[in-house]
1. In debye to the nearest 20, how big a dipole does the chain give about its Cα centre with +1 on each Lys and Arg Cβ and -1 on each Asp and Glu Cβ?
2. Net charge within 9 Å of F239 by Cβ-Cβ distance, Lys/Arg positive one each and Asp/Glu negative one each, not counting F239 itself?
3. Once you have the Kirkwood Rh of region 5-65 from its Cα pairs, apply Stokes-Einstein at 20 °C and 1.002 mPa s and quote D in µm²/s.
4. For P(r) over Cα pairs in 10 Å bins from 0, in percent, several values are listed as (1) 6, 23, 27, 21, 15, 7, 1, 0; (2) 5, 23, 31, 27, 12, 2, 0; (3) 6, 28, 38, 23, 4, 0; flag the one computed from this structure.
5. What is the packing order of peptides 202-211, 290-299, taking the mean over residues of other C-beta atoms within 10 Å and listing the highest first?
6. List the aspartates and glutamates whose Cα lies under 14 Å from the Cα of K114, skipping any in the same chain that are fewer than 8 positions away.
Amino acid sequence: MNFTLKQLRYAEAAGRLGSIARAAEEMAISQSSITAAIDALEQSLDYDLFVRTPARGIQATPAGMEALQMIRTFLNNARHFESDLQAVGGDETGVVRIGCYGTAAPAFLPPILKAMKERRPTTTVDVLEGDMASVIGYLRDGKSDLSFTYEIGLDSGHSFERLFSAPPYALLPADDPLCALPGVSYAQLSRRPMVMLDLAYSREYFNTLFARRGLTPNVTHATQSADFARALVAGGFGFTILNILPPGSEGHRSYKALPILDETEAPVFGIATLRQTRQPRAVRGFIRTCIELRDAGAFDALTVSVPGSSSAKKNNNSPQ
């Protein structure tokens, strides 16, 4: 076989995007260059990677799907090699690709990205957002070097660096009488309309919080967007339950975050990586920065805890 790294990159982009045109746009080259690279690679491999359908783009063949996964793994290793080679001179230069649970990203990522810019300016950070199933998949498929997520859903093939515990809290309209209390119970919440955050693992998690107490939530609205859930609460459509507090929530005029007084285990949020993967220096430096921020208390304001309670219990269920 005789193929180049460039051909592999072009073929991977086309397969990932399902389109030669979109691959050409991403790689900033002509469509004919993408096509020529794929043709040359297929000729070298002696089998087709893609089926080309007019007006429908391209689709990987069964053999092509397996080959593309191998190509992604190889390109990921090649990128790490390049990063380590550049770092021989002492700088942690390179790209760190991170997956992040989407509802946590707005509150959680800005201080990390700011710290990276200040402390490790030669490192570039690329972010992929998604639900918990997606960010775990990013690791498995070689699309991310690490993923920020909850510990739930990880298996023995993953390593996990704990950053903070995030007990569930209730977000209620500001004019709800419960807002005058220091906290609420699931029994009180079950008598009110609920805006459910309906993401992978989340609905089961929230339903379980009530079911364990013989209760059923009165779900009147469901959304896959934490921002929209908060907007519905602000509009008086009901309460919602979340785990991570977004910036600006304290003192918000339209809603109030209250701790839930019932004894509830707090899910743990942190950094997931593949256990058998050797991380390049840039990725290890990124993880060290996150740990430094954790130890400095940078994530303390992201959670709502019952005063005097232990919010650091490990949970085997899934959160917001």
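Bear in mind these aren't lab numbers, they're just calculated from the coordinates by the rules spelled out. What you see is a predicted model; the values in this text were computed from it and never measured. Virtual Cβ from ideal backbone geometry, glycine too; neighbours counted across all protein chains shown.
1. 340
2. So the environment of F239 carries a net charge of 0.
3. 191
4. (1)
5. The peptides rank, most packed first, as 202-211, 290-299.
6. Output for K114: D126, E292.
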